[in-house]
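Engineer: Mind looking over this structure? Questions follow.
The values are calculated or read from the model by the stated rules, or taken from the named source; none is laboratory data. These numbers were taken from a predicted model, which means no experiment stands behind them. Counting neighbours? That spans all protein chains shown, and the Cβs are built from the backbone with ideal geometry, glycine included.
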Amino acid sequence: MANYIKKCPECGGINLILNKEKGEIICKDCGLVIEEKMIDFGQEWREFDHDQADKMRRTGAPMTYTKFDRGLGTDIGQKGDLYKLEGKGRNKYFRLRKWQYRVSTAIERNLKLALAELRRVSSYLKLPKSVEEEAARIYTLAVQRGLVRGRSMESVVAGALYAACRRHEVPRTLDELSEASGIDKKEIGRTYRFVTRELGIRILPSNPVDYIPRFASALKLSPDTQSKAVEILEMAQKSELTSGRGPTGIAAASLYVAALINNEKKTQREVADIAGVTEVTIRNRYKELLKKLNLKDQIKKKEIAA
């Protein structure tokens, strides 16, 4: 039944019935046909067991960029079925399966290897499927435009993943991608900028607030401290303290200040290690926040109360 129809427009009754055979919605109280010629999006056949459903189903898995053939390839037989054959018949089908797995063009060979690496790095970083799909699409476009030539496959994969993370606002740092892929973060950054520029991908600057939940969870800080850090960041953005500064550094410094205010003592070294920045960066951002936002008094009051 259509979700938007709540009651009969004629009598105001809510006793509506759906006639699937005629494709109509009828008011049982006054008999008004409210909707007619409705499309049935269900299957036109029935199945009574799993095997029968597999035989009658005419669609497969959805298309995906995470496979070199976008998931449109088919398999020649199942291994169990092949072993039922004898002699030449079995050898013939094994030969056909072998040729099926062989990839013909250079682009397909590149995609087959690169997308396997992309899935590995994505799994290591625990990225959602939407990010993995977007990264695979970006990499496929890069291969088709010839942007991979002269660069290592791993660096382009890492660059595509970083671009997809930025587009979907899933916070991952270059250090994390470097650790997962084994490529220097400067190389990943160069490749990321080159690929996004050549493909015309528009990416907004990272928001420091996106990093707060991850850093707070890693540092085992309370929800109050996390909320306070977000509040400090919003004040910093209004005062234009975040412009021209790395998002991870300013996010980590905000958490450090919030932890001090809530008497959850964390050292600058601990915060810097989690955020992947230096202690000097934390210290500089911390001083800027205290000076510009007048947070010294709040910290002193908490220390006196403690």
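Engineer: Take segment 18-35 and flag every residue that is modelled with pLDDT of 85 or more and either exposed (fewer than 12 other Cβ atoms within 10 Å of the Cβ) or polar (S, T, N, Q) (or both).
Structural biologist: Those that are modelled with pLDDT of 85 or more and either exposed (fewer than 12 other Cβ atoms within 10 Å of the Cβ) or polar (S, T, N, Q) (or both): GLY31, VAL33.
Engineer: Please specify each residue of segment 149-187 satisfying the condition of being assigned to a loop (DSSP other than H, G, I, E, B) and not acidic (Asp, Glu). Working first, answer last.
Structural biologist: We begin by selecting, within segment 149-187, every residue assigned to a loop (DSSP other than H, G, I, E, B); these are 149-152, 168-173, 182-184.
If the condition is that a residue be assigned to a loop (DSSP other than H, G, I, E, B) and not acidic (Asp, Glu), then ARG149, GLY150, ARG151, SER152, HIS168, VAL170, PRO171, ARG172, THR173, GLY182, ILE183 are the ones that fit.
Engineer: Here's another thing I want to ask about it. So which of ALA180, ALA163, ALA158 is in contact with a helix residue (DSSP H, G or I) (Cβ under 8 Å, 6 or more places away or on another chain) and under 14 Å from GLY276 (Cβ atoms)? Show your work before the answer.
Structural biologist: Numbers: ALA163 fails: under 14 Å from GLY276 (Cβ atoms); ALA158 fails: under 14 Å from GLY276 (Cβ atoms).
Just a single option satisfies the conditions, and that option is ALA180.
Engineer: Moving to a separate point now. Just one of SER181, SER243, SER227 is of a type in the set (Gly, Ala, Ser), over 18 Å from the mean Cα position of the chain (by Cα) and more than 22 Å from VAL280 (Cβ to Cβ); which is it?
Structural biologist: Sole residue among the options that is of a type in the set (Gly, Ala, Ser), over 18 Å from the mean Cα position of the chain (by Cα) and more than 22 Å from VAL280 (Cβ to Cβ): SER227.
Engineer: For segment 283-306, indicate whether the set of residues that are closer than 30 Å to LEU161 by Cβ, hydrophobic (A, V, I, L, M, F, W, C) and surrounded by 19 or more Cβ atoms within 10 Å (Cβ to Cβ) is non-empty.
Structural biologist: No: segment 283-306 contains no residue that is closer than 30 Å to LEU161 by Cβ, hydrophobic (A, V, I, L, M, F, W, C) and surrounded by 19 or more Cβ atoms within 10 Å (Cβ to Cβ).
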